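The values are calculated or read from the model by the stated rules, or taken from the named source; none is laboratory data. Just so it is clear, the model here is predicted, and its values are computed rather than measured. So basically every Cβ, Gly included, is an ideal-geometry build from the backbone, and we count neighbours across all protein chains shown.
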Amino acid sequence: HLYYKNDDGSKRDFGSPYPQQEYGKDLYWYFYENNSNLNRDELIATIKLNAEITPWLNAFVRTSTDLVSSKFETINTTTNADRVSGGYYQKDLDKNKIMNTDLMVTAHKDNLFFNGFNASVSGMVNAYSNSSQGVWGKNGGKFIVPDVYSLHNIVDADRTDKNKYAVTERRYETRSQSVLGMLNLSYNNYLFLDLTGRNDVNSTLSPTKNSTFYPSASLGFVFSDAFGLRDSRDIFSYGKLRFAYGKSANAYAPYLLGFTYDVGSFGGQPTNSLPATLSPEELGFQTSNSIEVGASLGFLRDRINLDFTYYSIRSIDQILAADIAPSSGATGVTFNSGELTNKGIEFILNASVIQNRNFSWSLSLNGAKNENKVVSLAPGIRERRIADVFGNLGVFMRVTPGDSYGTIYGTDFERDDKGQKLLYNVKDQDGNVYGTLYKVTNEPVPIGNAAPKLTGGLGNTFRYKNFSLYGLIDFKVGGDIYSFDHSTAMGSGISPETVVERNGGGLPYTFPDGSTANVGVIMEGFNVDDGKINDRVVNPIYKYAGSYTGWTHLNRPRSLSVFENTWFK
């Protein structure tokens, strides 16, 4: 038999005097007996027809489709010897179809009014649709036939217990129609002006707000050609400045406006209930306004090229959900509000390091840095939670006006004016000290931020005659993560860092029964009960289980499991 299994095939039960060590006992069973499989078929097809009507007028029509069919299955092997109980089965079938059709007409004329002045004007209409349907079912009850994983193989034949058996059918469809106009002007191939205007109509928004117009404009100036600087190509070979302004809009998921009833059951009888989140009376597009300034520079006959961009994006009318009093009959409402800003830089550096007849080496370095800020949410809303692990006593992300998007909140160490961690003594009923624990903040505080300081990549291309080799290194600098695995492993004593004391590498410690062993630890910090730097030797369980945990009701310094997520790969 395997280590994690009994002889009869059931899951082996690893007892433990410490309840937190329950986390790691099923590790191998999860690895080898609980499996998920995804099968996906996809077809992508495009048909395009071009027509040259006159030498200066052409058109095309294009239709594309993307068909996806997928099946996702989860099989958790039954854990008991009868091979019919303690298991779980889930099946998810999905079909998705995207249709996209464009019709575009373009008129182009060189030397329109005078030599060097070129113009192009285009008009386009677009029709887009996205439809999906699927069936999801789970079976978590007792099976009838051993080792047969099927939605129908369940003892609960009437399917009344939704916690054990549930089948859900879902479908949605979205449509949008767009009209786009473009004007492109150029003068002597060094001054360029591009103007666009687009109007979208989306099926997922309110009829009074489902149409929006958003323009864009960009100006480019190749000053190296305009001022004849290419004569010094050995040093400065190319220079271009650009400026752009644009507005964009995004819609939302379908059926958010629909006031539909949730179907369920209670006591074996069918029920219909109101949705928990109220539909807004009017819901419009999320819009963003962006400004971009950049430069492209070439040196040493374009063997070194630098492209630099600064951008600023202001996003308004974000689609948010807010909590409301449950006495209203619902728990939340959705509406347009909020403002978010993003500012940052992007750069690309290309260099031809070695270039000769048989061998060449070129490299490309790109990087980006972004800073964001939540300017406002909605009147009366002070914060919005994005995600959480274990609620207020765990770790979560939220946004508040003036905060950065991606801030991680959780409990942290209480510290004195010198920055020292504070501890207190743990006593028994008679007042005898038998341990120490860290003092933690009463409320969650910022303990990290997931936003990276810099992202990018370094690519190298080596060529020898007709053979080439390309290598890429991606990197991310900064940005924090909270590791639930680390917290659980440290608190449960299954992390390698926890074996030092258990292997006799700790300080001399006397157990309550009078026995001694080199397992003791001194927790770093200032002991507020003793009024001095902590020097008490305690059982290592206070260092690990007393400082790390995955449990929701235990208040521990969650900052211990926040790490900088810098990597190169």
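In summary, strands (runs of 3 or more DSSP E) completely within region 160-274 and bearing 1 or more residues that are modelled with pLDDT of 95 or more occur at 165-187, 191-202, 211-221, 236-250. The condition of being at positive phi, exposed (fewer than 15 other Cβ atoms within 10 Å of the Cβ) and among the charged types (D, E, K, R) holds for only one of Asp302, Asp317, Asp417, Asp323, that being Asp302.
Once region 477-523 is narrowed to residues that are assigned to a helix (DSSP H, G or I) and hydroxyl-bearing (Ser, Thr, Tyr), the residue that is nearest to Pro557 (Cα to Cα) is Ser487.
Pro496 falls short on exactly one of the conditions (1) without any contact (Cβ under 8 Å) to a residue 40 or more places away in the chain; (2) more than 36 Å from the chain's Cα centre (by Cα), and that condition is (2).
Say whether the condition of being of a type outside the set (Gly, Ala, Ser), in contact with a strand residue (DSSP E or B) (Cβ under 7 Å, 6 or more places away or on another chain) and touching a residue at least 60 places away in the same chain (Cβ under 8 Å) is met by at least one residue in region 55-72. Within region 55-72 (the criterion being of a type outside the set (Gly, Ala, Ser), in contact with a strand residue (DSSP E or B) (Cβ under 7 Å, 6 or more places away or on another chain) and touching a residue at least 60 places away in the same chain (Cβ under 8 Å)), the answer is no, since none of the residues qualifies.
Checked against the criteria, Asp474 does not count as of a type in the set (Asp, Glu), more than 28 Å from Gly419 (Cβ to Cβ), part of a helix (DSSP H, G or I) and under 24 Å from the mean Cα position of the chain (by Cα).
Screening Gly402 on (1) surrounded by 15 or more Cβ atoms within 10 Å (Cβ to Cβ); (2) more than 21 Å from Arg558 (Cα to Cα) shows it passes everything except condition (1).
Selection of region 387-428 for residues being touching a Phe, Trp or Tyr at 6+ places or on another chain (Cβ under 8 Å) and among the β-branched types (Val, Ile, Thr) yields Val389, Val395, Val399, Ile408, Val426. Here Ser70 fulfils each of the conditions (1) at pLDDT below 95; (2) closer than 30 Å to Asn34 by Cβ; (3) of a type outside the set (Asp, Glu) apart from (1). Taking region 387-406 as the range and being within 13 Å of Ile447 (Cα to Cα) and either at pLDDT below 85 or of a type in the set (A, V, I, L, M, F, W, C) (or both) as the test, the residues that pass are Gly394, Val395, Phe396, Met397. For region 85-111, the set of residues classified as modelled with pLDDT of 90 or more and not in a strand (DSSP E or B) consists of Asp110, Asn111, listed by residue number. Would you confirm, using the coordinates I've provided, whether Asn305 is more than 30 Å from Gln177 (Cα to Cα) and either under 30 Å from the mean Cα position of the chain (by Cα) or in a strand (DSSP E or B) (or both)? It is true that Asn305 is more than 30 Å from Gln177 (Cα to Cα) and either under 30 Å from the mean Cα position of the chain (by Cα) or in a strand (DSSP E or B) (or both). Remark: Asn372 matches the filter, which requires a residue to be surrounded by 17 or more Cβ atoms within 10 Å (Cβ to Cβ), within 18 Å of the chain's Cα centre (by Cα) and not aromatic (Phe, Trp, Tyr).
Applying the criterion of being in contact with a strand residue (DSSP E or B) (Cβ under 9 Å, 6 or more places away or on another chain) and surrounded by fewer than 17 Cβ atoms within 10 Å (Cβ to Cβ) to the residues of region 477-495, the residue that is farthest from Gly394 (Cα to Cα) is Val477.
You will find that of Asn100, Asn118, the residue that is surrounded by 15 or more Cβ atoms within 10 Å (Cβ to Cβ), in contact (Cβ under 8 Å) with a residue 60 or more places away in the chain and farther than 30 Å from Asn153 by Cα is Asn118 and no other.
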